[in-house]
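Visitor: Mind having a look at this structure? Questions to follow.
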Amino acid sequence: MPFAVRRQQRAITIRSDHASARLALLTRDGRSQVAVIEEALDRMPLPSVRLDLASFRREVATFLAGVDASQVQSMTEFDASHYNENGLPKS
């Protein structure tokens, strides 16, 4: 086979003008955009991983224990206080 098969890579879209300008400056020395992005990503710390569902549920239960249920409005109460009978916001 005379042609090497190129692996498929997903395109990266940069939506920030600031990031695009910064990437252009960082690639002036001849490095590819991919090399610059990979280097930057390698330097970033990885987020901590939640390993088990039980510890997550304990955290949520602890948070909810501090919430006063008598202060929380139901959706019906919220709608009645913020919207009129036609569903339009009260002025």
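Where a number appears in this text, it was derived from the coordinates with a stated rule and is not lab data. Computed from a predicted model, the values in this text were never measured in an experiment. Cβ coordinates were reconstructed from backbone atoms using ideal geometry, including for glycine residues, and neighbour counts include every protein chain displayed.
Visitor: Round to the nearest 10 and give me the degree value, 0 to 90, for the angle of helix 17-26's Cα axis relative to the longest principal axis of the chain.
Guide: For helix 17-26, the angle is close to 30 degrees.
Visitor: Tell me, how many Å apart are the Cα centres for region 27-91 and for region 10-25?
Guide: 26
Visitor: Mind giving me the FRET efficiency for residue 49 and residue 18? R0 is 30 Å, r the Cβ-Cβ distance, nearest 0.05 is fine.
Guide: 0.50
Visitor: For a footprinting-style exposure proxy, rank 67, 49 by other Cβ within 10 Å, fewest first.
Guide: Listed from fewest to most nearby Cβ atoms, that is 49, 67.
Visitor: Report the far tail of the P(r) of the chain, meaning the percent of Cα-Cα pairs longer than 16 Å.
Guide: 78
Visitor: To the nearest 10 degrees, how steeply does helix 33-43 sit against the main Cα axis of the chain, on a 0 to 90 scale?
Guide: Approximately 60 degrees, to the nearest 10.
Visitor: What does the helix-only formula give at 222 nm for the chain: each DSSP H stretch with n ≥ 4 adding -39500 (n - 2.57), the total divided by the residues, and the result rounded to the nearest 500 deg cm²/dmol?
Guide: Mean residue ellipticity, 222 nm, calculated: -14000 deg cm²/dmol.
Visitor: Here's a follow-up. So how far apart, in nm, are the two label points at residue 41 and residue 26 if each is 7 Å from Cα heading toward Cβ?
Guide: Between residue 41 and residue 26, the simple spin-label model gives 1.2 nm.
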